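What follows is one structure encoded as structure tokens, with my remarks underneath.
The values are calculated or read from the model by the stated rules, or taken from the named source; none is laboratory data. What you see is a predicted model, and the numbers here were worked out from it, not measured in a lab. A quick note on method: Cβ atoms are made from the backbone with ideal geometry, for glycine too, and the neighbour counts reach across all protein chains shown. The accessibility values were calculated without ligands, DNA or RNA, using every heavy atom of the protein model including side chains. Shrake-Rupley method; radii C 1.70, N 1.55, O 1.52, S 1.80 Å.
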Amino acid sequence: MKKTIRNALDDGIKTLSSNNITDARLDADLLLEHVLGVDKVYIIINGNELIAEEKYNIYNDLISQRAEGKPLQYIIGYQEFMGLTFKVNENVLIPRQDTEVLVLEAIKYIKENNITNILEIGTGTGCIPISICYNCNGVKATTVDISDEALKIAKENAIINNVADRIQFVRSNLFEDIEENHDFQLFISNPPYIRSNDIGELMIEVKEHEPIGALDGGEDGLYFYREISKEVKNRTKKRSYILYEVGYDQSDEVKKILNALGYTDIKIYKDLAGIDRVVAGAIINKG
């Protein structure tokens, strides 16, 4: 039996719904748009158009992957972030809207303090430094990741978004391969912050598909905040700023870490849901 676009969409919605995919209708529609290379309006207007059997089979395969819990972004290979397009695969975390708050606050710090050189720790897709450089002319970034696979994706994304000439990508375990003498004025990170024991409680599409190393923040979820904050304090010879994305219940603990190390002007910024999402502070190592 030949299938129309509407038949295919209905089949996809039915399969995803029966497998408890929350956004079954949206995901089925986006996968069909991806397979056919059309937009939502085309799907609506041309619902009675017959779909080629080959296209239907490809669509059905992608629907099956989504029904098994594979994230939509890994299936179609990209995610939108800050109005830009980023390639993704299972070597990197999928950029999330919450992280846009971190980027937007960083842009404010950059513009208010005439910052021209930043360092990001743990780049993943590269969405943070790429979005910053795209929106801040003259800013240069260095970004590190311990994963060669992540760095490969991040470099590709920098090329796609036309900022590759302003970003240096370094394979490093935190600060290990970052020169002691530098002139970074702002440090930024969305580090792994899930408590180790909580990893198993995450949604299937996260714990079974996204890289665990980019999620696991140690026993209390705060390991990387401590390590990065200490390194920034020890390396900084002039006034610099640090900005972190934090988990929904971690802002007070991260603030305590910064306070104990002598950071000042500590501020907490909320996301659109009113949840503490970003902790920022200033530091100068007078020693």
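Structure notes:
- Dipole magnitude of the chain about its Cα centre (Cβ charges: Lys, Arg +1; Asp, Glu -1), debye to nearest 20: 940
- D (Stokes-Einstein, µm²/s), Kirkwood Cα radius, the range 109-165, 0.890 mPa s at 25 °C: 215
- Karplus-based coupling profile of the range 58-67, in residue order and whole Hz: 4, 4, 4, 5, 5, 4, 5, 4, 5, 5, with θ = phi - 60° in 6.51 cos²θ - 1.76 cosθ + 1.60 and x standing for Gly or Pro.
- Long-range amide H partners of F81 with built H, under 5 Å: F86
- Of the GluC sites (Glu not before Pro) in the range 118-185, the ones in a loop by DSSP (not H, G, I, E or B) with at most 11 other beta carbons within 10 Å are E176, E179, E180.
- Residues within the reach of a label modelled at R239 (point 7 angstrom out along Cα to beta-carbon, backbone nitrogen below 15 Å), restricted to the range 92-115, are 109-115.
- Among 124-136, 18-30, 38-50, 221-233, the order from most to least packed when residues are scored by Cβ within 10 Å on average: 124-136, 221-233, 18-30, 38-50
- Taking every alpha-carbon pair under 8 Å whose residues sit at least 6 apart, the chain reaches a relative contact order of 14 percent.
- Flagged links, alpha-carbon separation over 19 Å, of K155/K230; K3/K55; K111/K256; K233/K267; K230/K270: K155/K230; K111/K256; K230/K270
- Note on the range 140-182: Rg/Rh from Cα positions, Kirkwood definition for Rh, rounded to two decimals, is 0.99.
- 5 angstrom amide H check on T4, placed H, neighbours 5+ away: I51
- In the chain, the ratio of gyration radius to Kirkwood radius, Rg to Rh, stands at 1.04 when only Cα atoms are counted.
- Cα-based convex hull volume of the range 50-148 per residue, rounded to whole Å³: 131
- Modelled FRET efficiency - R0 35 Å, N48 with N162, Cβ distances, 0.05 increments: 0.30
- Entry comment: accessible area of the range 1-126 is 51 Å² per residue, from protein heavy atoms only and a probe of 1.4 Å.
- What the Kirkwood sum gives for the range 22-70 is a hydrodynamic radius of 11.2 Å, with every pair of different alpha carbons counted.
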